[in-house]
């Protein structure tokens, strides 16, 4: 006996080794079926991958962590951009102030150089 094509028993073959007299007289028997290791492995994989399983929960947790890390990365990039802009503004202000101080220094040096020198030495 062979399982019909397109059914769950497709390819299953059963061989009866009893006597023909038992078959003719209508003797009923019991037939047991075991799916084997492939069936057990398939059930194990299906339960491990099912919704609500530990593996599915871990996968969801990892995906949530990745989303959180991406959001943190974007926030840090915004903070770095703002810090860079602040440092550039401070540098520009300091550079302008140094330029003004250098101009003032040059002006004062010129003014001091043009002051009359008093060489009056008193004689005793």
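The values are calculated or read from the model by the stated rules, or taken from the named source; none is laboratory data. Bear in mind that the values here come from a model prediction, so they are computed numbers and not experimental data. In this analysis, Cβ positions are derived from the backbone assuming ideal geometry, glycine residues included, and neighbour counts consider all displayed protein chains.
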When only residues in segment 1-30 that are at pLDDT below 65 and under 60 Å from the mean Cα position of the chain (by Cα) count, which is surrounded by the fewest Cβ atoms within 10 Å (Cβ to Cβ)?
30
Which numbered condition trips up residue 106, out of (1) outside any helix (DSSP H, G or I); (2) surrounded by 10 or more Cβ atoms within 10 Å (Cβ to Cβ)?
(1)
Quick one: would you say residue 45 is surrounded by 10 or more Cβ atoms within 10 Å (Cβ to Cβ), at pLDDT below 95 and part of a loop (DSSP other than H, G, I, E, B)?
no
